[in-house]
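Working notes, beginning with the structure itself.
The values are calculated or read from the model by the stated rules, or taken from the named source; none is laboratory data. If you're wondering where the values come from, they're calculated on a predicted model, not measured in any experiment. For neighbour counting, all protein chains shown are included, and Cβ atoms are generated from backbone atoms with ideal geometry for every residue, glycine included.
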Amino acid sequence: MVQMKGMPRPAVGPPAADQLLRGGFGPAAGQSSGSLPVAAPSKLDAAADKPSGLSIEPPLPDDAQVALPAKRNQFAETWPPPKRSASSGSQPNPFASPVLGAARRWVERARRPRGTAAEEPTGGEGSPALRSEPRLHAAVKPFGKDGARLGWQCAGGVGNGERLFLDSRPSDGQDWMRHSEVQTGGKATGVLVVKASTMADGGVAPARRAWRLRSSTGDVSLPARLGEKPGGKGTSGIWGRKGGSAESGGAASAASGGATGGTLGESAAAAITSLDEQRLQEMILARRGEVDFLLRIEMNSSADVVAARESVAAALAFDEEIDQISSSRGVIKGKLFQALLEELRAAGAGHAQLDNSVKHLGGFMFAQEFGLNLALWAALTMKADALRNLVRIKVADDNDLKTARSGLALCAEFFAALARLAELRGMAEFDVLQKLS
């Protein structure tokens, strides 16, 4: 600031304000020094100590004006207020605990597998809702054209009184719909077959749907789709191991893995016998579509029902027979079955024919290769032809045989439940089937 000669040195701070209030800076322009009036206090200065309000009070009296600069100095010395020290006497943040608790719960939910009941814990320690890994597992494989073969697994086994259900949904944005109840037969793993038919909720084929396993206790498996590997620990046994009997699980496992002569195993037969009429009826209704899809026989009479049941038993017995022969000869069962198919082709039976019964058997060119006599080879060839005429799916290799065996096991379970329900009601099997249709 430039100071001109002859002018008083300007004061800074409250003394200058005091001189301003008392008129200490000389007369204003156009006035003489003898008639110098005392400057009236500013209305804003008068309202400086007023903390709030819209109205402005009248000018302060003279005695209050003298004390005004002192109050301004005190205000300047005490502003801004000192920060609160982080001492033990300071008040804690009332929002700290809720925020920290919400953050911890969010981290716990983020670490859990999606689609499990553990996302909303409701029980105490050790309850199903607090498990870090899902208890139920599901996987999907193809079955025929657009069909689905569903493998399921329940870690630790199915509890006493626990029921398992199979749900599906056409797409991710739609709701889950119950498809059927799983008949476990006391087993912890199994395989179910869903036919490729148009369903009521959009006509999406089973192979294109998402599937999950749900328990009556609240546990839910991760969604499974065709082409996706089952996730989580302990899922390697869903489809069974070599030499194991988990391939068809439950009652169907006993029917396919423990069957002798094409009949149900003892455990599956006992499980079906212990069911009441309501559970038997649910099983029959759940399996009816699969039976109609797999078998070429149309059950329009009592004779058709008997023929279908006997054909399924004969097909399971044939599968067991070639399994034993291939094991004793040290060859793959699929290779033995393909040799039987080659024998059928040589005899004039085509794969694409609907009515392709063998009328003339040739020279049995593969019998000597497997060390079998001609009579046994002829019988096996006829049984292979009967199997191809019985099922609607393609049967050409070892994987096709496994798929057919699983489907036939479900059919055997269906006929066993039908026979048991007919026995309880004192009716013929065909009459029971007609009443349920």
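Starting from residues that are within 17 Å of the chain's Cα centre (by Cα) and farther than 15 Å from A138 by Cβ, keep the ones in the range 159-176 and report whichever is surrounded by the most Cβ atoms within 10 Å (Cβ to Cβ).
Of everything passing the filter in the range 159-176, P170 is surrounded by the most Cβ atoms within 10 Å (Cβ to Cβ).
Just one of the numbered conditions (1) in contact with a helix residue (DSSP H, G or I) (Cβ under 7 Å, 6 or more places away or on another chain); (2) surrounded by fewer than 19 Cβ atoms within 10 Å (Cβ to Cβ); (3) modelled with pLDDT under 75 is not true of G334; which one?
Evaluating G334 over (1) in contact with a helix residue (DSSP H, G or I) (Cβ under 7 Å, 6 or more places away or on another chain); (2) surrounded by fewer than 19 Cβ atoms within 10 Å (Cβ to Cβ); (3) modelled with pLDDT under 75 leaves (3) as the failure.
If I filter the range 177-189 down to residues being crowded, with 18+ Cβ neighbours inside 10 Å and within 18 Å of the chain's Cα centre (by Cα), which single residue comes out as modelled with the lowest pLDDT?
T189
Yes/no per residue for (1) assigned to a helix (DSSP H, G or I); (2) touching a helix residue (DSSP H, G or I) at 6+ places or on another chain (Cβ under 7 Å); (3) modelled with pLDDT of 85 or more:
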{"position": "S236", "(1), (2), (3)": "no, no, no"}
{"position": "S253", "(1), (2), (3)": "yes, no, no"}
{"position": "D292", "(1), (2), (3)": "yes, no, yes"}
{"position": "A303", "(1), (2), (3)": "yes, no, yes"}
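Might you let me know whether the range 212-225 holds any residue that is of a type in the set (D, E), outside any helix (DSSP H, G or I), modelled with pLDDT under 85 and under 24 Å from A139 (Cα atoms)?
Scanning the range 212-225 turns up no residue that is of a type in the set (D, E), outside any helix (DSSP H, G or I), modelled with pLDDT under 85 and under 24 Å from A139 (Cα atoms).
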